[in-house]
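Beneath this line is the structure, given in structure tokens, with notes to follow.
The values are calculated or read from the model by the stated rules, or taken from the named source; none is laboratory data. Computed from a predicted model, the values in this text were never measured in an experiment. Methodologically, a virtual Cβ is constructed for each residue, glycine included, from the backbone with ideal geometry; neighbour enumeration extends over all protein chains shown. With ligands, DNA and RNA removed, areas are computed over all heavy atoms of the protein, side chains included. Shrake-Rupley method; radii C 1.70, N 1.55, O 1.52, S 1.80 Å.
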Amino acid sequence: MTHVDIVIPKPVCKALDLLREAGFEGFVVGGCVRDFLLHREPGDWDITTNALPEQTKEVFSAYRTIDVGMKHGTVAVLIDDMLIETTTYRVDGEYLDNRHPSDVTFTRNLREDLARRDFTVNALACSKDGELVDEFGGMKDLNDRVIRCVGNPGERFAEDALRIMRALRFSATLGFSNR
């Protein structure tokens, strides 16, 4: 693992601490990590955890929670006026409509969760202490300014055709190329 000097907002640190104190893992994940590493202000901060949705709600019982997508493992928690989406590690089922998985299976394995993500630069996770989990070469792609799919691009785009537009949007807004 690589160490990065990430600055995580206090409410997100509080959420990560509460998960850890309850015996669960918790990482900031996806676009907030990508944006921070690109020296851009993250628009929001998402957490991924091995806590199941009901366990997540229990961990944050002292705070307002919103069942954003319980069947997909997502619970939003409001801490100090910041809404933080916290999602259980998951593996997507089959994509029957080229947009949404038919089901999701919760997993206890962070790597499995990261493997289902669209692009390597969005498959980065980071602990509160700055330990970066980069299983798919996202840091190299950030440095090379490349948008690359996690796994087989044909499979990723067949799962969710909107990912093609996301790749183009990322390329345009970040000044990257596509591979």
Scan the stretch 62-89 residue by residue and report those that are at pLDDT 95 or above and basic (K, R).
R64
Would you please list the contacts, defined by Cβ atoms under 6 Å and residues six or more apart or on different chains, that run from a residue in the stretch 59-75 that is at positive phi to a residue that is polar (S, T, N, Q) and open to solvent by less than 30 Å² (accessible area, probe 1.4 Å)?
G73/T87; G73/T88
So which residues in the stretch 28-56 are within 24 Å of N109 (Cα to Cα), part of a loop (DSSP other than H, G, I, E, B) and in contact with an Asp or Glu (Cβ under 7 Å, 6 or more places away or on another chain)?
G30, N50
Which number in (1) touching an Asp or Glu at 6+ places or on another chain (Cβ under 6 Å); (2) open to solvent by less than 80 Å² (accessible area, probe 1.4 Å); (3) at pLDDT 95 or above marks the one condition that K128 misses?
(1)
For R145, are the conditions met, namely being more than 26 Å from A167 (Cβ to Cβ) and open to solvent by 70 Å² or more (accessible area, probe 1.4 Å)?
no
Restricting the search to the stretch 94-125, which residues are open to solvent by less than 10 Å² (accessible area, probe 1.4 Å), in contact with a Phe, Trp or Tyr (Cβ under 6 Å, 6 or more places away or on another chain) and assigned to a strand (DSSP E or B)?
A125
Name every residue in the stretch 22-51 that is of a type in the set (D, E) and in contact (Cβ under 8 Å) with a residue 12 or more places away in the chain, in order of residue number.
E25, D44, D46
Can you say whether V91 is within 30 Å of D144 (Cβ to Cβ) and assigned to a strand (DSSP E or B), as far as the supplied structure shows?
yes
Could you say whether any residue in the stretch 106-118 is more than 26 Å from A62 (Cα to Cα), of a type in the set (V, I, T) and in contact (Cβ under 8 Å) with a residue 12 or more places away in the chain?
no
Which residue, of G138, G154, is surrounded by fewer than 14 Cβ atoms within 10 Å (Cβ to Cβ) and either more than 30 Å from K10 (Cβ to Cβ) or touching a residue at least 40 places away in the same chain (Cβ under 8 Å) (or both)?
G154
Have a look at R108, R34, R20, R40 and point out the one that is under 12 Å from the mean Cα position of the chain (by Cα) and of a type in the set (D, E, K, R).
R34
Flag for V91 being open to solvent by 40 Å² or more (accessible area, probe 1.4 Å), among the aliphatic types (A, V, I, L, M) and under 14 Å from the mean Cα position of the chain (by Cα)
yes
